[in-house]
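One structure is given here, and the rest of the page talks about it.
The values are calculated or read from the model by the stated rules, or taken from the named source; none is laboratory data. Quick caveat, the model's predicted, so the values are computed rather than measured. Virtual Cβ from ideal backbone geometry, glycine too; neighbours counted across all protein chains shown.
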Amino acid sequence: MATPSTFPSSSVPGNTQPIIVAQNLGKTYRSGKLEVPALRNVTFSADPGEFVAIVGPSGSGKSTLFYVLGGLTHATSGSLFIEGAEFSRLSDIERTKMRRAKIGFVFQRFNLLPTLSAYNNIEIAHDIANIGAEPKQPLDRALLDHLADLLGIKGRLDHRPNELSGGEQQRVAIARALISRPAIVLADEPTGNLDTKNSDAVLEMLRHSSRELNQTVLMITHNPEAAQIADRIIHMRDGQIRNIEKGRGQILHED
């Protein structure tokens with residue numbers, strides 16, 4: 001059985017042990033006798049604090065990979081290690097606990113609870129992450145204030161989602177994902193519904209979380225320009241990794 005130590009570290013200096021290791025991941029959907037492969041032998045690793053963009057056209061397998069990495073669906077074959085534990089071999093309860101404690105999600109459609117204020121949407125995410133934790137950690141108000149300030153939503157925390165713009169909702173969703181200090185942040189098309197200004201703000205925050213908070217960020221995107229903020233860019237097509245290239249690692253504003 002392969003272990004994470006058999007995989008070379010990626011290119012982030014100072015890190016020797018990948019936090020994510022995917023080995024020959026495969027995912028096949030079945031409908032009656034029809035089999036549709038969505039992932040084919042996907043192998044890569046990501047280090048603590050690394051920003052990885054996963055790019056590909058519709059149907060390339062990038063969204064399926066997102067759900068497998070987040071433990072939201074099972075791979076049909078292969079192995080997935082998270083912080084050295086073989087994620088794919090954990091029980092449903094163990095996998096749920098790890099997902100709550102280690103992974104934050106940012107979705108394109110925001111997925112905010114409409115009856116709760118922005119503050120309460122963030123607070124409930126913290127409470128869910130703490131289910132089963134001993135000792136339970138109180139909500140870090142200093143971190144919340146810091147995130148709200150960085151994201152420009154400090155004066156909007158008492159508003160419900162329908163009182164916020166799309167950009168504000170996405171920034172609340174990012175604060176919700178980061179409030180429990182997860183080791184891994186998975187972002188699925190986080191700028192897909194945003195204009196350029198709000199897209200830049202979201203990308204800057206994801207860049208900040210990897211650089212300053214040492215969180216591993218994996219961002220699914222179809223936008224090659226958005227992907228350039230990453231340290232590495234994984235290109236997918238037909239369920240396979242076709243190419244891995246180095247990104248710029250920063251947003252470059254062009255006149």
task = Look through the range 158-178, keep the residues that are of a type outside the set (Lys, Arg) and outside any helix (DSSP H, G or I), and return whichever of them is farthest from residue 191 (Cα to Cα).
result = 158
ask   = In the range 71-84, what residues are within 17 Å of residue 183 (Cα to Cα) and crowded, with 19+ Cβ neighbours inside 10 Å?
value = 71, 80, 81, 82
key: Cβ-Cβ under 7 Å pairs, at least 6 apart or on other chains, the range 94-105 side in contact (Cβ under 8 Å) with a residue 40 or more places away in the chain and surrounded by fewer than 18 Cβ atoms within 10 Å (Cβ to Cβ), far side in a helix (DSSP H, G or I) and hydrophobic (A, V, I, L, M, F, W, C)   = 101/129
message = Tell me the residue from 59, 70 that is closer than 24 Å to residue 224 by Cα and at pLDDT below 90, please.
response = 59
message = If residue 245 satisfies all but one of (1) touching a residue at least 40 places away in the same chain (Cβ under 8 Å); (2) outside any helix (DSSP H, G or I), what's the number of the condition it fails?
response = (1)
request  = Test each condition in (1) within 19 Å of the chain's Cα centre (by Cα); (2) closer than 24 Å to residue 160 by Cα; (3) among the aromatic types (Phe, Trp, Tyr) for residue 87 and report the one that comes out false.
outcome  = (2)
inquiry  = Any residue at all in the range 210-226 that's modelled with pLDDT of 90 or more, basic (Lys, Arg) and either surrounded by 15 or more Cβ atoms within 10 Å (Cβ to Cβ) or at positive phi (or both)?
reply    = no
Enumeration of residues in the range 12-65 that are part of a strand (DSSP E or B), without any contact (Cβ under 8 Å) to a residue 12 or more places away in the chain and not acidic (Asp, Glu) = 29, 30, 31, 34, 36
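The rows are residues; the columns are (1) under 14 Å from residue 174 (Cα atoms); (2) under 17 Å from the mean Cα position of the chain (by Cα); (3) of a type in the set (A, V, I, L, M, F, W, C).
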{"residue": "195", "(1), (2), (3)": "no, no, no"}
{"residue": "198", "(1), (2), (3)": "yes, no, no"}
{"residue": "210", "(1), (2), (3)": "yes, yes, no"}
{"residue": "237", "(1), (2), (3)": "no, no, no"}
{"residue": "241", "(1), (2), (3)": "no, no, yes"}
{"residue": "246", "(1), (2), (3)": "no, no, no"}
query = Within the bounds of the range 145-157, is there any residue that is under 17 Å from the mean Cα position of the chain (by Cα), not basic (Lys, Arg) and not in a helix (DSSP H, G or I)?
reply = no
